[in-house]
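First comes the structure, then the notes that go with it.
Values quoted throughout were computed directly from the atomic coordinates according to the rules given, and no laboratory measurement underlies them. Note that the coordinates shown come from a computational prediction; the quantities given were computed from them, not determined experimentally. Please note: Cβ atoms are built from the backbone with ideal geometry, for glycine as well, and neighbour counts cover all protein chains shown.
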Amino acid sequence: MKIKPLYIYLAVLAAAIIFLVVFTSDKKEETNPMTANGMPQDDIHKGLDPHNPSGANVSGEVKARMEELKKEYESSPQDTLKMKNYADFLAMAHKPDQAVPLYEKILQKDPKRTDVRFSLALIHYNKSDFRKAEDVINKVFDYDKKNVQAKYNLGAIAATKGDKEKAKQFWQELVKESPDSETGKMAQESLNALNQQSPH
């Protein structure tokens, strides 16, 4: 099943807004995209040790699914859908270094794939390589100059790096340009949370 770009954006977003949870002590628990023990609630992470979410403790079912996706990809190595399905699974299963070359291979074939760029940016973000994450997201504007998800995520990266003014600039632009969109509303919420942390 093909994953829509929106879902990839939301995955990036879930990771990118963690800084808001960290910086905002009075936020309700449900705003945290992670569970109380720090593990996402999905099929990949179910039953894993929250203190050591590595490839070593991935369940047999997950390994079997990974092997299945790998075989599908290897049987049709030019099929970008199979390539992406395998890359996405590798990324979720804490094997980002294996996912990156697959994402890059897809982008060589079709550089306009913003969904792939968001996936790649998420990997760099999670590794705290914010420069690479920014570079990947900025490339989105080469093909979609008004991409609101990319702009939001650039703000999130800036805030994570401690550049609150730059983050505010991205998010204020979003609120001004599309106040009624989901991304515009999210930008406003992020601005509110950031402003609560600013000294008066």
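Any idea how far apart Asp142 and Gln108 come out in nm if each label point goes 7 Å out from Cα toward Cβ?
1.5
Given labels modelled 7 Å from the Cα in the Cβ direction, how far is it in nm from Lys132 to Ser75?
Calculated label separation equals 3.2 nm.
Could you tell me which of the pairs Lys109/Lys168; Lys105/Lys127; Lys95/Lys166 are separated by over 30 angstrom between their Cα atoms in the structure shown?
Lys109/Lys168; Lys95/Lys166
Compare the peptides 73-82, 106-115, 185-194 by average per-residue count of other Cβ atoms within 10 angstrom and give them in order, highest first.
185-194, 106-115, 73-82
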